[in-house]
Amino acid sequence: LGLTIYLNLIVMAWRSHGSSNKDLIDQLKNNGIVKSVAVYNAMVAVDRKDFCPNGPYRDNPQPIGSNATISAPHMHAYSLEILQNHLKQGKKALDVGSGSGYLTVCMAKMVGESGRVIGIEHIQNLVDASIVNTRKSNGALIDSGNLKFVLGDGRLGYSEGAPYDCIHVGAAAEHMPEHLVEQLAPGGRLVCPVGPHGGTQEFIQLDKDNEGGVSQKSIMGVVYVPLTDKNKQI
């Protein structure tokens, strides 16, 4: 029964296309993907068309240039729901492989004016584009310092801003990145697709307890582009 419900949710997620940003999020809510008020409000407040030039309200991954993609809306919703208790007001978060900047902005909306979110991306064109995308409707987040996009190898994290209450990884690592685990704060949560490109990948939730102990579990099977170095991507 549990597996049947899970598979039905996955099927419904891919049917969550909308005619507008709000309609898309309403479809995700109706299909049981978006569950919390905090995630709903953040996703409604950030218009996906600012970040996705083609098919912004389709529930599919879309290309954004430099051999990168913006993940399907249902995967963004799953990620935010899993992380929501670690994206409360005043929390600090890291978005690895921030790409278009969409999810990074959603995270910044959730942590509020007293929180901070850093998006790290290793391709300069994408960093530049994420800033342009954000400034279309949410430039105040950058100006206030609540949101920052940086150029760097996300596999190494961003030690300058560590530790983080939560970390999201938007591409599949072959193994859980040790630097990211190290930069996760006690009591924090990390989500990361793990597995080889073209092989079996799992969406892993990793939690660090208050004593620094780590536990992890698989949430679902996924298909993501690889978390790799710039020379292999472009």
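What is the percent of Cα-Cα separations in the range 143-234 that go past 22 Å? The answer is 30 percent, as a whole percent. Averaging 1/r over every pair of different alpha carbons in the range 68-146 and inverting the result gives a Kirkwood radius of 12.6 Å. For the range 128-223, give the share of DSSP beta bridges that are antiparallel, in percent and rounded to the nearest 5; count only bridges with both residues there. About 75 percent, rounded to the nearest 5. When only the Cβ of Lys, Arg, Asp and Glu is charged (+1, +1, -1, -1), the dipole of the chain relative to its Cα centre reaches about 560 debye. With Rh defined as the Kirkwood radius, the inverse of the mean 1/r over Cα pairs, the Rg/Rh of the chain is 0.93. Of the accessible area of the range 122-234, computed with a 1.4 Å probe over protein heavy atoms only, carbon and sulfur atoms account for 50 percent. In straight-distance terms, cross-link reach from Lys109 covers every one of the lysines whose alpha-carbon lies under 21 Å from its own, apart from those fewer than eight places away in the same chain; here that gives Lys22, Lys29, Lys35, Lys49, Lys88, Lys91, Lys92, Lys136, Lys148. Couplings for the range 110-123, taken from phi via the Karplus curve 6.51 cos²θ - 1.76 cosθ + 1.60 with θ = phi - 60°, read 6, 7, x, 5, 8, x, 8, 10, 10, x, 10, 9, 9, 10 Hz in order; Gly and Pro are left as x.
If both residues of a DSSP beta bridge must be in the range 71-230, then about 40% of such bridges are antiparallel. In this structure the amide hydrogen of Thr69, modeled in the peptide plane, comes within under 5 Å of the amide hydrogens of Ile64, none closer than 5 places in sequence on its chain.
Here the Karplus curve 6.51 cos²θ - 1.76 cosθ + 1.60, taken at θ = phi - 60°, turns the phi angles of the range 66-74 into couplings of 6, 6, 10, 10, 9, 5, 4, x, 5 Hz, with x standing for Gly and Pro.
In this simple spin-label approximation, Asn30 and Met176 carry label points 7 Å from Cα along the Cα→Cβ vector, and these lie 3.8 nm apart. Residues in the range 172-191 near a label at Ser159, defined as backbone nitrogen under 18 Å from the 7 Å Cα→Cβ point? Counting only backbone N, you get 177-186. Less than 5 angstrom separates the built amide H of Val222 from those of Gln201, Glu202, Phe203, all sequence-distant by 5 or more or on a different chain. Rounded to the nearest 20 debye, the dipole magnitude of the range 94-169 is 160 debye, with +1 charges on Lys and Arg beta carbons, -1 on Asp and Glu beta carbons, and the Cα centre as origin. For the range 106-234, the per residue solvent-accessible surface stands at 47 Å², with DNA, RNA and ligands left out and a 1.4 Å probe. Sorted on the mean count of surrounding Cβ atoms within 10 Å across their residues, most packed first, peptides 106-112, 128-134 read 106-112, 128-134. Annotation: peptides 175-182, 21-28, ranked by per-residue average of other Cβ atoms within 10 Å with the highest first, follow the order 21-28, 175-182.
How high is the FRET efficiency from His197 to Ser144, r the C-beta distance, R0 41 Å, rounded to 0.05? The value I calculate is 0.65.
A cut-off of 5 Å between modelled amide H atoms, ignoring neighbours fewer than 5 places along the same chain, links Lys92 with Arg116, Asp165, Cys166.
Listed by chain and number, the lysines whose C-alpha is less than 16 Å from the C-alpha of Lys217, apart from same-chain residues fewer than 8 away, are Lys208.
The values are calculated or read from the model by the stated rules, or taken from the named source; none is laboratory data. Keep in mind that this is a model prediction, so the values were computed, not measured. Glycine gets a Cβ as well: all are built from the backbone with ideal geometry, and neighbour counts include every protein chain shown. Ligands, DNA and RNA are stripped out before the accessible areas are found, and what is left, the full protein with its side chains, is counted by its heavy atoms. Shrake-Rupley method; radii C 1.70, N 1.55, O 1.52, S 1.80 Å.
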